[in-house]
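Notes for the one structure printed next.
The values are calculated or read from the model by the stated rules, or taken from the named source; none is laboratory data. Just so it is clear, the structure is predicted and the values come from calculations on it, not from any experiment. So basically every Cβ, Gly included, is an ideal-geometry build from the backbone, and we count neighbours across all protein chains shown.
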Amino acid sequence: MVASQTILDEKQVRDRDVERNRLLLRRWLQVVIITLVCLVLVGGATRLTDSGLSITEWKPIHGVIPPLSVAEWEEEFQLYKQIPEYQQINRGMSLDEFKTIFWWEWAHRLLARTIGLIFGLPLLVFWLTGRVEKRLRMPLVGLLALGGFQGFIGWWMVSSGLAERTDVSQYRLATHLTIACLIFSACVWIMRGLTPQCVDAPPSRHSHLAAGGLAVLALIQIYLGALVAGLDAGYAYNTWPLMDGALLPGDLFVQQPWWINLFENPKTVQFVHRCGAYLLLTLTLVHMLVSIARRPGTTHAKGAMLLFCLVCLQAMIGIATLLLHVPIELGLLHQAGGLLVLAFALSHWRGFYGEFRRSEPARAS
């Protein structure tokens with residue numbers, strides 16, 4: 001009897017240790033996620049203000065320090081004057097005007113470096129103190145490595161606009177944003193798995209697949225939005241629900257081969273983004289109705305309802321952004337809405353699997 005009580009007490013202690021460690025990890029991941037959202041929004045502002053090419057060199061260490069004297073500002077400005085964007089678009093720009101776009105890009109790069117510290121240093125401390133469960137070690141290290149690779153992708157994107165173009169490649173911009181969203185998604189997924197939750201019976205055998213499909217579609221929509229931004233396609237065809245005077249506009253496939261229009265024709269790219277929004281809205285509606293009909297009042301049904309409401313709100317913001325010719329405030333709100341929809345779609349999907357099973361606290365190795 002005494003032995004059984006001792007075993008029970010030890011198990012309770014282990015469970016408390018696990019819950020305490022998981023709470024620390026959740027709080028840490030919440031800070032990482034919030035910082036990632038800020039990074040994406042500053043990146044969006046950098047794009048909307050045409051600031052992304054203002055820093056023409058990649059200095060991972062030295063670049064943390066901005067120009068501190070008039071001579072240093074003039075040196076940066078002279079480097080900018082050598083690229084096509086200045087020569088063809090911003091010729092005659094004053095030094096004060098250059099400083100405005102410089103600060104946006106510098107803030108974006110500084111925030112990216114800061115995230116590396118916010119993620120890497122606590123991870124090291126948690127690992128050494130045995131607070132990271134074994135199952136999470138490699139995924140978290142992989143995220144840290146992907147974040148480092150993202151820095152290279154950022155420079156790869158910027159470099160595409162320094163020689164022959166007056167802006168960055170829409171392909172590289174979309175890649176850069178998509179990788180950021182993958183890091184964001186992984187953090188949300190892991191944090192959700194560390195959160196205590198009650199799992200109701202799913203509405204159907206395939207509800208988890210439907211929820212996963214919605215999360216993937218939300219990510220694809222963000223990718224398509226990045227193509228729209230990269231081509232400045234949001235500044236054209238600013239009507240809704242008609243586009244260029246029709247529900248199905250013409251000249252969608254004027255370029256050859258036909259598929260290149262999906263990536264390089266601004267009209268086609270905007271139209272596909274619109275269609276993606278309609279598809280996401282329709283599928284979230286169907287998912288909500290099925291969930292309510294089969295399991296009314298459950299966590300999954302409530303989650304499906306909230307997801308549909310968020311997609312509706314995001315669609316309205318997108319329409320307003322288009323009709324008002326992409327004011328920076330609405331453009332950033334639309335981008336934030338995309339991340340919110342993605343985060344909740346992932347959280348809703350993860351909810352079908354419950355929290356991570358209990359295990360003994362990780363041992364520092």
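Could you run through region 123-145 and say how many residues are in contact with a Gly (Cβ under 6 Å, 6 or more places away or on another chain) and β-branched (V, I, T)?
Total satisfying the criteria: 0.
For the residues P257, P266, the requirement of being within 24 Å of M316 (Cβ to Cβ) and in the same structural domain as A215 (by TED's automatic domain parsing) singles out P266. If you check E76, E85 for being of a type outside the set (G, A, S), in contact with a Phe, Trp or Tyr (Cβ under 8 Å, 6 or more places away or on another chain) and assigned to a helix (DSSP H, G or I), only one passes: E76. Annotation: Q150 fulfils all but one of (1) of a type outside the set (F, W, Y); (2) touching a residue at least 60 places away in the same chain (Cβ under 8 Å); (3) over 30 Å from R20 (Cα atoms); (4) not assigned by TED's automatic domain parsing to the domain that holds K302; the unmet one is (2).
The criterion of at least 1 residues that are of a type in the set (G, A, S), more than 25 Å from T46 (Cβ to Cβ) and within 24 Å of the chain's Cα centre (by Cα) is met, among helices (runs of 4 or more DSSP H) falling completely within region 209-327, by 299-323.
Restricting I101, I89 to those that are assigned by TED's automatic domain parsing to the domain that holds L146 and under 18 Å from G331 (Cβ atoms) reduces the list to I101. Among the residues of region 44-88, the one identified as surrounded by fewer than 13 Cβ atoms within 10 Å (Cβ to Cβ) and touching a Ser or Thr at 6+ places or on another chain (Cβ under 7 Å) is Q88.
Going residue by residue through region 123-134, is there one that turns out to be under 18 Å from the mean Cα position of the chain (by Cα) and assigned by TED's automatic domain parsing to the domain that holds Q170? Can you show your working first?
If we filter region 123-134 for residues that are under 18 Å from the mean Cα position of the chain (by Cα), which is where we start, we get none.
No, because not a single residue in region 123-134 is under 18 Å from the mean Cα position of the chain (by Cα) and assigned by TED's automatic domain parsing to the domain that holds Q170.
Cβ separations smaller than 6 Å between residues 6+ apart or across chains give the following pairs from region 177-188 residues that are over 15 Å from I118 (Cβ atoms) to residues that are hydroxyl-bearing (S, T, Y) and modelled with pLDDT of 95 or more: T178/Y223. G92 meets the conditions (1) touching a residue at least 60 places away in the same chain (Cβ under 8 Å); (2) assigned to a loop (DSSP other than H, G, I, E, B) in every case but one. The failed one is (1). For region 165-182, check the following and say yes or no: at least one residue is in a loop (DSSP other than H, G, I, E, B), of a type in the set (D, E, K, R), touching a Pro at 6+ places or on another chain (Cβ under 7 Å) and within 18 Å of G52 (Cβ to Cβ). Yes: one or more hits.
Between T299, T321, the distinction of being closer than 30 Å to H208 by Cβ and among the hydroxyl-bearing types (S, T, Y) belongs to T299 only. Run down L214, L219 and say which single residue is among the hydrophobic types (A, V, I, L, M, F, W, C), surrounded by 15 or more Cβ atoms within 10 Å (Cβ to Cβ), in the same structural domain as M288 (by TED's automatic domain parsing) and closer than 30 Å to W58 by Cβ. On inspection, the qualifying residue turns out to be L219.
Got a sec? Which of I55, I118 is assigned to a helix (DSSP H, G or I) and of a type in the set (A, V, I, L, M)? Before the answer, list the steps.
Details: I55 fails: assigned to a helix (DSSP H, G or I).
Matching residue, one of I55, I118: I118.
Exactly one residue among L111, L136 is in a helix (DSSP H, G or I), in contact (Cβ under 8 Å) with a residue 12 or more places away in the chain, touching a Cys at 6+ places or on another chain (Cβ under 8 Å) and buried (at least 16 other Cβ atoms within 10 Å of the Cβ), and that residue is L111. Pairing each residue of region 41-56 that is at positive phi and touching a residue at least 12 places away in the same chain (Cβ under 8 Å) with any residue that is crowded, with 19+ Cβ neighbours inside 10 Å and not charged (D, E, K, R), provided the two are 6+ apart or on different chains, yields C-beta distances under 8 Å for D50/I101. Among the criteria (1) touching a residue at least 60 places away in the same chain (Cβ under 8 Å); (2) in contact with a Phe, Trp or Tyr (Cβ under 9 Å, 6 or more places away or on another chain); (3) assigned to a helix (DSSP H, G or I), the one V199 does not fulfil is (3).
The residue of region 43-64 that is farthest from A229 (Cα to Cα), among those that are out of contact with any Asp or Glu (no Cβ under 9 Å at 6 or more places or on another chain) and of a type in the set (A, V, I, L, M), is I61.
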